[in-house]
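Worksheet: one structure, shown below.
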Amino acid sequence: MHFDDGQTKALNGVDLEIGAGEFVAIVGPSGSGKSSLLNVIGTLDAPSSGELTFQEQAYSKIRDASLFRRENIGFIFQSFHLIPTLSALDNVVVPTIGCAGSESEFRARAEDLLIQLGLRERLHHFPNKLSGGERQRVAIARALINRPRMILADEPTGSLDSVNATQVLDILSNIAKQEGLTLIMVTHDATVSARADRIVKMRDGKIENTHGATS
Amino acid sequence: MNLFRFALDNLYRRPARSMLTISAIALGIAAVVALTSIAWGFEASWQKANDARGTDLIVTRIASENTMPSPFRSEKVQQTLEAMPQVKEVVGLLSEMLTVSEDSPPVFVFGWVYGSYLWDHLKLMDGRWPNERMEQVVVIGSLASEMLHKKTGDHVEIEGANFEIVGIFESSAVVENGALLMTLDQAQKITDKPGKVNVLNIKVDANASEADMNAIKAQVRQALPGFVAITSGELVRKNAVVRLSKAMSNATILVASLVGALVVFNTMLMSISERTREIGVLLALGWQRSTIIKLIVSESIILSLVGGAVGILIGVGITWGLEHIELMRGKIDAIFSLPFFFAVLGLSVLLGILGGLYPAVKAARLLPSNALRHE
Amino acid sequence: MNIRILLILFTYLFFAEAHSAEQEAHSIAAMMQQAKYSNGFEARLNISVTKANGAQAFPLKLAVIGQVAADKQRVVIRGISPDWVREQYFAVEQLQDGRIKAVQYQTAKMAEFSPFDVNAKLLESNLVAWDMLSPWWGWPTQIFAGRGYINGRDCINIRSINNNKNAAIREVESCVDQQAKVSLKTRLFGAQQQLLRMTTVVKLMAKGEEGAMIAKKLTIQEAGKMRTEIEVYAGDDQYQVSPETFAALDRPTS
């Protein structure tokens, strides 16, 4: 596919297939188009030409992008993007606002997720009272609250020290394996990409090569 | 955590800005409440006076923009009215606005037919009523007694004639409470208007219907050219001062609404511009565009509703204060009704919606990828 | 040839304009006389006088009762309060031929009639009975003196010249509001062209029909000295004139 963000051809002929439950790392120098690829997969941007499908469903035929995102995708960002004036628990619940379903159920699930991620003591803390690693774990819980099919993570360990980075990476890959989620991660850290099932190398908007654990 | 709490939280984030916005709306709403209550209150107090007296219709000379319609000889007009069907009783009165004391503003002086039903609804607090038609005495309302610093037994000079105050009364109508009351004969004497009244009060039969009243009005138009039969409220409605204050209150409603909506508009626009990245995150997390709109509009409605409520309190305070100024005492009876307050709150909500709509739609139309790159 | 015709035309137009201005002045004077016609009216006035030294006198209340027709004009001033003015009456009358009669008396019982000077100041204020008759509208010489603008209203300046060389007032200049039929500013000049007093209308009120108005508040200023402020607080434009109202004027002059 192609994706033109108006200034440059961010993606210039990308052809990629990702299997369900795969852990794919997308690597490459800055400007290689890896973030753009993630955005397009995450429906945050639309390709200028080309086709995307997700489980037989064509992206171009999606009526309500938000609904699609909510049901299928969970995002994790490098700078966490938590809402500073909400507690950890409230942050996790945020994606459920406006959905059908009981508030208390969502709240219970949020609590479960946070406890699962080792944040039992931090449920009501505000982000400024949490460490970097803790914040990213809150973000992971938030990404999981609506039971997505895939997690898109843009440099999730970029702002963390090595100890926390490893911890977060462990959590992510374990949960992905556990729930059968597809995990697509953009990273420039080789130790991170080494954990993936498949590595996709990008340069100048094209896929240079891929190699995976299985190949 | 739900949309409402989230909206509230967002407003708490910028307390100074939220307070400023609420204050601006509150001031506008306060002005609306004060002016509207006074404008309608003036009319209501006269209507109340008539209702309290038990008068159904009043007959006066047409086309008078002054508070008091011009006086006329009552004999023929009264006879014509008494002959009309469903008319039970016709009683004349004379009213003037006169200065009776050097250090007080002018007061209402009423002359009512001695022994007529007009006196029935008053409550005598002290002293006595006039004993007969020509007695040169006056009874004063409790408010008038306060304003003039006079009590039973004191004397007051009205148009050069010395009147003894023989009693103090209380009335449910503010206008009467601040007035001096004497017999019609005495009022005619001191104003040199023998046989004249400026208003004829009509009491209709108990079983008279709305249609019967309209029939009387029509008959008066026909049989008495230059005269009109109206309810007291309608009379005051025509008065130039009342029309002016109503026009002012309408203008204030318009201006305050515009200003209120603009203030909310500006605040919300600033707010979403600062939260661009956050809105991008919300969209990425799966928030629907309609939910974003609901969030922003909720925030603006909360602001305007709180502003409206505060404004109502301030407005009531202002009106209460005005009612107690020397000049205004006994003249206005501001009316505050629950439906009115609900209407004002409804207006506030409308302001919030109008002001917040464009910023809400603007926020909802952000492209998540661009928004995330912001800042 | 052409220039001469133009000159004649201009001269004609000039005099025609002047003549029509003359006519306008006279018709305005006539209008002002007719505007006063009444079968009977009463006005109650609050009078406050500020003396030359700035001191405020105690406010007076007066009633002014009038009856005005083409052939006869009568006005009675009655004191209401305070005590020292009460029951004092000043009655004046002007007939069509210009003769003026002025009688004052003390009580309603009408004893002790005596004439008074119609040009004199009444009750220690600037009120002058002669002014109330506004006789200048009946003088033969009325001159158009341009347009004016007072208190937001347009008015026309009319100079009325007295042909009686012995009278106290020789000339009166009024600025007449044609719509309201009221002179917004009236200046009275004496024998040496000196300004004796000026009456200014501060506030107008509707009289009932078609734009005609009467003064609600006036100020009379005596050049450099006393000032009188008058406010009309009540009245009756259909006053019931009784045989007693002007009886003092009907008595044969002694």
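A few notes on this one:
- Count of the stretch A:60-109 residues, restricted to those that are of a type in the set (D, E, K, R) and touching a residue at least 60 places away in the same chain (Cβ under 8 Å), is 2.
- Residue within the stretch A:21-39 that is closer than 23 Å to B:LEU3 by Cβ and either among the polar types (S, T, N, Q) or not in a loop (DSSP other than H, G, I, E, B) (or both) present: no
- Residue check, B:LEU322 within 14 Å of chain A (Cβ to nearest Cβ) and modelled with pLDDT under 85: no
- Set B:LEU269, B:LEU295: member being assigned by TED's automatic domain parsing to the domain that holds B:THR21 and crowded, with 18+ Cβ neighbours inside 10 Å: B:LEU295
- Subset of the stretch A:43-54 (residues that are more than 18 Å from the chain's Cα centre (by Cα) and either at the interface with another protein chain (Cβ under 9 Å from one of its Cβ atoms) or not in a strand (DSSP E or B) (or both)): A:PRO47, A:SER48, A:GLY50, A:GLU51
- Complete set of residues in the stretch A:86-111 that are at the interface with chain B (Cβ under 8 Å from one of its Cβ atoms) and on the phi > 0 side of the Ramachandran plot: A:GLY98
- With respect to the conditions (1) touching a helix residue (DSSP H, G or I) at 6+ places or on another chain (Cβ under 7 Å); (2) among the aliphatic types (A, V, I, L, M); (3) away from chain A (no Cβ under 14 Å), B:LEU11 falls short on a single one, namely (3).
- Taken over the stretch B:166-190, residues that are within 11 Å of chain C (Cβ to nearest Cβ) and either touching a His at 6+ places or on another chain (Cβ under 8 Å) or crowded, with 24+ Cβ neighbours inside 10 Å (or both) amount to 0.
- The strands (runs of 3 or more DSSP E) falling completely within the stretch A:127-215 that include 2 or more residues that are modelled with pLDDT of 85 or more and β-branched (Val, Ile, Thr) map to A:182-186.
- Residue check, C:MET226 modelled with pLDDT under 85 and either within 14 Å of another protein chain (Cβ to nearest Cβ) or over 20 Å from C:ILE100 (Cα atoms) (or both): no
- Some residue of the stretch B:203-213 being out of contact with any Leu (no Cβ under 7 Å at 6 or more places or on another chain), in contact (Cβ under 8 Å) with a residue 12 or more places away in the chain and within 14 Å of chain C (Cβ to nearest Cβ): no
- The stretch B:243-278, residues that are modelled with pLDDT of 85 or more, in a helix (DSSP H, G or I) and among the basic types (Lys, Arg): B:ARG277
- The stretch A:15-39, residues that are of a type in the set (Val, Ile, Thr) and either in contact with a Gly (Cβ under 7 Å, 6 or more places away or on another chain) or modelled with pLDDT of 80 or more (or both): A:VAL24, A:ILE26, A:VAL27
- For the stretch B:33-65, the tally of residues that are in contact with a strand residue (DSSP E or B) (Cβ under 7 Å, 6 or more places away or on another chain) and within 14 Å of chain C (Cβ to nearest Cβ) stands at 4.
Listed here are the residues, each with its yes/no results for (1) more than 14 Å from chain B (Cβ to nearest Cβ); (2) crowded, with 16+ Cβ neighbours inside 10 Å; (3) among the β-branched types (Val, Ile, Thr); (4) closer than 23 Å to C:LEU45 by Cβ.
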residue	(1), (2), (3), (4)
C:VAL128	yes, yes, yes, yes
C:TRP136	yes, yes, no, yes
C:ILE161	yes, no, yes, no
C:SER183	yes, yes, no, yes
C:LEU196	yes, yes, no, yes
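- In the stretch C:59-101, the residues that are more than 11 Å from chain B (Cβ to nearest Cβ) and without any contact (Cβ under 8 Å) to a residue 12 or more places away in the chain: C:TRP84, C:ASP97, C:ARG99
- For the stretch C:102-123, the count of residues that are among the basic types (Lys, Arg), more than 14 Å from chain B (Cβ to nearest Cβ) and within 30 Å of B:GLY160 (Cα to Cα) is nonzero.
- For the stretch A:68-85, taking the residues that are in a loop (DSSP other than H, G, I, E, B), at the interface with chain B (Cβ under 9 Å from one of its Cβ atoms) and surrounded by fewer than 20 Cβ atoms within 10 Å (Cβ to Cβ), the one that is farthest from the chain's Cα centre (by Cα) is identified as A:THR85.
- Of the residues making up the stretch C:141-172, those that are free of Cβ contacts under 8 Å to residues at least 12 places away in the same chain and either among the aromatic types (Phe, Trp, Tyr) or touching a helix residue (DSSP H, G or I) at 6+ places or on another chain (Cβ under 9 Å) (or both) number 1.
- Among the residues of the stretch A:37-95, those identified as touching a Phe, Trp or Tyr at 6+ places or on another chain (Cβ under 8 Å), under 19 Å from B:LEU295 (Cβ atoms) and of a type in the set (Val, Ile, Thr) are A:THR85, A:VAL93, A:VAL94.
The values are calculated or read from the model by the stated rules, or taken from the named source; none is laboratory data. Nothing here was measured: the structure is a model prediction, and the numbers come from that model. Note that each Cβ is placed from the backbone with ideal geometry, even for glycine, and that neighbours are counted across all protein chains shown.
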